[in-house]
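Working notes, structure below.
Read-outs throughout are calculated quantities, based only on the coordinates presented, and are distinct from any laboratory measurement. Just so you know, these numbers come straight off a predicted model, no measurement behind them. Ideal geometry is used to build each Cβ from the backbone, glycine not excepted, and the neighbour counts take in all protein chains shown.
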Amino acid sequence: MNHDLQLHALSRAFSRAGLTPEQLWMRYFALGGAAGLMEVEAYLHGLMPLPALQRDMLAHAINERFDELNQPHRVPYTFPAQASGPLLDGLRKAPPERLVLPVDDDRRSAGGPVSS
């Protein structure tokens, strides 16, 4: 996903999620986020970039909030440019920690080694 598109989606979702910046940061930090509160706020305002993994953790924190609110909205996650077609479409809403599962399943069905 394009950095600018993800930033726009994150900013819009943040305003819908009903969280304060501190609440969002606490959720993000609990997921393993490495940026500080000021960096997260600066990112949401488009003042500084964040690495893809950190953006995905923010997206996941907001998506978890949407789950709590039973809202269908989702912030998309970052994907490699090589991913395409049904794989990309099917994984677009998956949380980052689950993205390795389809690769492991493919290796298992092919009889190859599975990373742990």
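Quick notes
- Subset of segment 49-72 that is hydrophobic (A, V, I, L, M, F, W, C) and not in a helix (DSSP H, G or I) - its residue that is farthest from Arg16 (Cα to Cα): Leu50
- Pairing residues of segment 45-67 that are aromatic (Phe, Trp, Tyr) with residues that are surrounded by 19 or more Cβ atoms within 10 Å (Cβ to Cβ), at Cβ distances under 8 Å and at least 6 apart in sequence or on separate chains, gives Phe66/Ala13; Phe66/Ala17.
One line per residue, one yes/no per condition, for (1) over 19 Å from Pro76 (Cβ atoms); (2) not in a loop (DSSP other than H, G, I, E, B):
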{"site": "Leu5", "(1), (2)": "no, yes"}
{"site": "Ser15", "(1), (2)": "no, yes"}
{"site": "Leu19", "(1), (2)": "no, no"}
{"site": "Phe29", "(1), (2)": "yes, yes"}
{"site": "Gly32", "(1), (2)": "yes, no"}
{"site": "Met38", "(1), (2)": "yes, yes"}
{"site": "Glu41", "(1), (2)": "yes, yes"}
{"site": "Leu47", "(1), (2)": "yes, no"}
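- The single residue among Arg27, Arg65, Arg16 that is buried (at least 17 other Cβ atoms within 10 Å of the Cβ) and touching a His at 6+ places or on another chain (Cβ under 9 Å) turns out to be Arg27.
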